Amino acid sequence: QPPAVPSHYIFQRRGPSGMAESHDGRSSASSSGRSWRIAMLGQKDAMVRALCDLAQLCRDRHLEVLVFVPRPPKCGLPGVDLESLCASFGFRHLQGLKDEIVFSELQAFRPDLIVSILWPRRILENVLALCKDCINFHPSLLPRHRGSMTQFWAIFEGDEEAGTTCHRMVREFDAGRILHQVAVPAAPGETALSLNVKLAGAIERCFQHVIRLYLEPAGLPPGIEWNVLEFPYHYKAIPKDGIIDPSWPDDQIERFIRAMYFPPHEPASAVSVQGERYEIRSMEEFVSLRSRVELAGEAAPEDLAAASRSAVPARASSSTAAVLPPPSPKVAASAGGAGWGPALLVAVVAVLGVIWQNTLGSQSAASAAADASSAAIDIDPNLATRYSLHGHPRARCLDGTAASYYFAPSTTVSASSKFNIYFQGGGWCTQSNILAEQVGYSHNEASAHPDLCSARRKGYHGSSGQDHDTRSLQGKGYLSGHAKQNPMMHDWNRVLVRNCDGTAFLASADDAWEVDGTPLYFRGRDNALAVVDALLSEHGLDRATEVVISGCSAGGVAAVLLADLLRDRIVAGSRSRSPVFVAALSDSGVFPEWSKPAPTGLLTFPQFEWIHSHVNASGGASARCLAQGLAWRCLHVGVALPFVTTPVFLVQSAVDSWHVSDPDRSESLGVLAKRIREEVLSAVRAPHAAAVDSCFHHCQEWGNIRWGAQSNAAAFQSWYESRRQEWLKRAWAPAGVPPSASGVIFEGWPLMHAAEPWVESCYAGQSGHRLWHQALHRLGPSSTTSSSAAEPPQ
């Protein structure tokens, strides 16, 4: 089936006035009264995403959009019906026109902005002369990989990252001033097909940034100029016509096979000395064939050179053009002989950044050089890319879809060996009707209270089927890429592990449950281990020096219970010369057991016993805890923590909103606060620590809650650095020599707010969160029936 239009866009249609019309027929227009005429020339999924974003912008701006689409390719993936899509948005759509008719239509349209997205032909100079701003979105990080088939070249040349560039259009292909870039990681197992999906997402994010910049009063900046003469151009030619040369090194053959994999196009092939041709889709297939068949082929350097030659346009004189030197032997060697490697690209970026800053005249040369990388290649620090575990035999969501994770790479060299592996919240489930229908529960997806596993499998927390290719970590606390919100870990490698198993990542049941003929897979612990294995093999976790295992809510439970298991897995897979320090951060993961019914207005969570006894979750608990005869209670953080040897820091509210059905019952809140404080105090002992606040929230408030001058984020960082320094002294102590006293003082942990039961003005969003919480539909005779609380305030 054709790919669906991204679901996170709001669809609009045009009213009689030509302004955007919302779903209820009300018109909207730009508050400034200005209108813009935008011409879009493009194709494929990236074009669809850009048109959807324009439709979104039509809610409060008057945009007149004219869309040109080329003839459909003879061979390619099925696409969205752009004609119907444009009709639904009120955009005029023209397809398959010759260049002279395109020019005529554009001339009559009088565009303010011309945008090219994967347009397959040269846009002529008479078109570029029609308006001031003509921009193209090229699927590579220029100046690297000008020209065609950028996915192929990025993989074949062993690039560690790919991406998209928005640049001004000039006569020569891919040669104009650079306006903005978005990068995505190229995984070790990347194929042209998988990279193409990532690049569509990168183009989308790049377009969203640039179009909003264009619509600002100041408009688009001039852009960064660079010397196109110094960089080769890739024409539409595959080395050796797609045939593997058996004399190539194995690593080059393996990259070639992955670079050629883009169905329905033909994959790489190998030819025998008898002339028989064999299609090759993996290195395993090639190795097997090579052991059985004598293959033909000689190394021919000119074949590679022919596919990638320098385009030599007329040299334009420019006092600001950057003349970039050829790679030094050292740099070329580090790139594996594959041309301009990532190390050189950083140098290129530095030169371009200096020019940009000198043009602005706003900073000194020294500070411009220091900031050059971020000025020229604007990698969104909050962009996380999705990776599927479809090849893993056990990693499954409840519905059987492959488990997945999102990865945002480190943004600095100094933090490139540091990882924050975050386990997503989202509650858990049961297959007991009684346990899923407790009075006071809310089955609103955002509240994520326990529900039936057979029902959960159909939603976000039971399936990966509707996951987006990318997601933003903006505003996600200790996952954020902004230093102000996340001082310690903003530039680390950040991983979000999807919660879709229904057991807080604890279960590992071999057999699927059958419920009404539908299988349910309880594989949360398998998912967690599979993610760590993927990070070790594909994302550099094997070179890590510091790792924080973090999680919120159900993920906070996992961060504690799986800390030792995951630490051992990471240490066993490490190839770092330095030992790796592992700690855990559990956010809102304390769910105390109540020996008798909880006070009115509070919730209990008896599902831990069901999970322990029905879906093999005991393997997620400490063996030492289980040996004490505590059984399912070992799944509670307060019970398990004393048996965990990995250092753990708890961030917890004493009046955690997830435990509350009626926040107006102050006496019950006082009982809850006392119970949670007791649980934390009894569990926290060296090397662990905690910060317990009296604010009404559940997760989300990283850095916003304070104890005097110290926030919860600062408290964690202080504890973490102390624990790490003490650990380093032990790790590097000579054999047989006891380490010196560390000086770490654990007195004062945990931090506690003195106020009971809560602080009314604790953080900026508390009153809004309370109102949202009160509006949730809840189960029971006295439940609130409002359904307006779709999402909690952020």
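With a cut-off of 15 Å on the backbone N, the residues of segment 593-610 near the modelled label site 7 Å out from Ala631 along Cα-Cβ are 606-610.
Each semi-axis of the equivalent ellipsoid for segment 224-267 is √(5λ) with λ an eigenvalue of the Cα gyration tensor; in descending order they amount to 27, 15, 10 Å. By a 1.4 Å probe calculation restricted to protein chains, Tyr278 has an accessible surface near 70 Å², given to the nearest 10. How many percent of all Cα-Cα pairs in segment 179-298 sit more than 19 Å apart? It works out to 62 percent of all Cα pairs.
Within a straight-line Cα-Cα reach of under 29 Å, Lys44 can be paired with the following lysines, leaving aside sequence neighbours fewer than 8 residues apart in one chain: Lys74, Lys98, Lys132, Lys198, Lys236, Lys240.
Ordering 169-175, 181-187 by mean Cβ neighbour count within 10 Å, with the highest value first, yields 181-187, 169-175. Dipole of segment 468-509 (Lys/Arg Cβ +1, Asp/Glu Cβ -1, origin at the Cα centre): which of Thr503, Ser480, Asn493 lies farthest to the positive side? Going by the Cα projections, it comes out as Ser480. Here each label is just a point 7 Å from Cα along the line to Cβ, and for Ser578 and Gln466 those points are 4.4 nm apart. The residues Ser447, Ser388, sorted by heavy-atom accessible surface at 1.4 Å with ligands and nucleic acids left out, run Ser388, Ser447 from largest to smallest. Couplings 3J(HN,Hα) for segment 249-256, derived from phi with the Karplus relation 6.51 cos²θ - 1.76 cosθ + 1.60 (θ = phi - 60°), are x, 4, 5, 6, 5, 4, 5, 4 Hz, where x marks Gly and Pro. The share of accessible area on segment 62-178 that comes from carbon and sulfur is 50 percent, using a 1.4 angstrom probe. Here the 3J(HN,Hα) profile of segment 541-547, calculated from phi with Karplus coefficients 6.51, -1.76 and 1.60 at θ = phi - 60°, is 4, 5, 10, 5, 10, 9, 9 Hz, Gly and Pro shown as x. Full extension of the chain between Ser104 and Leu728 gives 217.6 nm of extra length, using 0.36 nm per residue less the Cα-Cα distance. Rolling a 1.4 angstrom probe over segment 415-547 with all protein chains present gives an accessible area of which 47% lies on carbon and sulfur atoms. The value obtained for segment 169-244, namely the Cα convex hull volume divided by the number of residues, is 138 Å³ per residue.
With a Förster radius of 51 Å, plug the Cβ-Cβ distance of Asp516 and Leu229 into 1/(1 + (r/R0)^6) and report the FRET value to the nearest 0.05. With R0 = 51 Å, the Cβ-Cβ based efficiency is 0.15.
Once the Cβ-Cβ distance of Arg685 and Arg281 is raised to the sixth power relative to R0 = 56 Å, the FRET efficiency obtained is 0.55.
Each label point was placed 7 Å from the Cα along the Cα-to-Cβ direction; for Lys484 and Lys674 their separation is 4.2 nm.
Across segment 486-629, the relative contact order, built from alpha-carbon pairs under 8 Å that are at least six residues apart, equals 25 percent.
Kirkwood hydrodynamic radius (Cα pairs, Å) of segment 385-513? For segment 385-513, inverting the mean 1/r across all distinct Cα pairs yields 16.0 Å.
Coupling constants for segment 568-577 follow from the phi torsions by the Karplus curve (6.51 cos²θ - 1.76 cosθ + 1.60, θ = phi - 60°), and in residue order they are 4, 5, 5, 4, 5, x, 6, 10, 6, 5 Hz; glycine and proline get x. Shown is the FRET efficiency for Glu538 and Asp664, computed with R0 = 60 Å from the Cβ-Cβ distance and rounded to the nearest 0.05: 0.75. Ranked from largest, the principal axis spans of the Cα set of segment 438-512 equal 41, 33, 23 Å. Sorting 449-457, 222-230 by their mean Cβ neighbour count within 10 Å, with the most densely packed peptide first, gives 449-457, 222-230.
Positive contributions from Lys and Arg (+1) and negative ones from Asp and Glu (-1), summed over other residues with Cβ under 12 Å from the Cβ of Trp632, come out at -1. Shape descriptor for segment 581-652: Rg over Rh equals 0.99 (Cα atoms; Rh from the Kirkwood inverse mean 1/r).
Sorted into 10 angstrom bins from 0, the C-alpha pair distances of segment 468-623 split as 10, 33, 34, 19, 5, 0 percent. With the Kirkwood sum run over all distinct C-alpha pairs, segment 502-542 has a hydrodynamic radius of 11.4 Å.
Computed with a 1.4 Å probe over protein heavy atoms only, the accessible surface of segment 595-696 comes to 35 Å² per residue.
The values are calculated or read from the model by the stated rules, or taken from the named source; none is laboratory data. These numbers come from a predicted model, not from an experiment. Positions of Cβ are generated from backbone atoms using ideal geometry, with glycine treated the same way; all protein chains shown enter the neighbour counts. Calculation scope for accessible area: heavy atoms of the full protein, side chains included, ligands and nucleic acids excluded. Shrake-Rupley method; radii C 1.70, N 1.55, O 1.52, S 1.80 Å.
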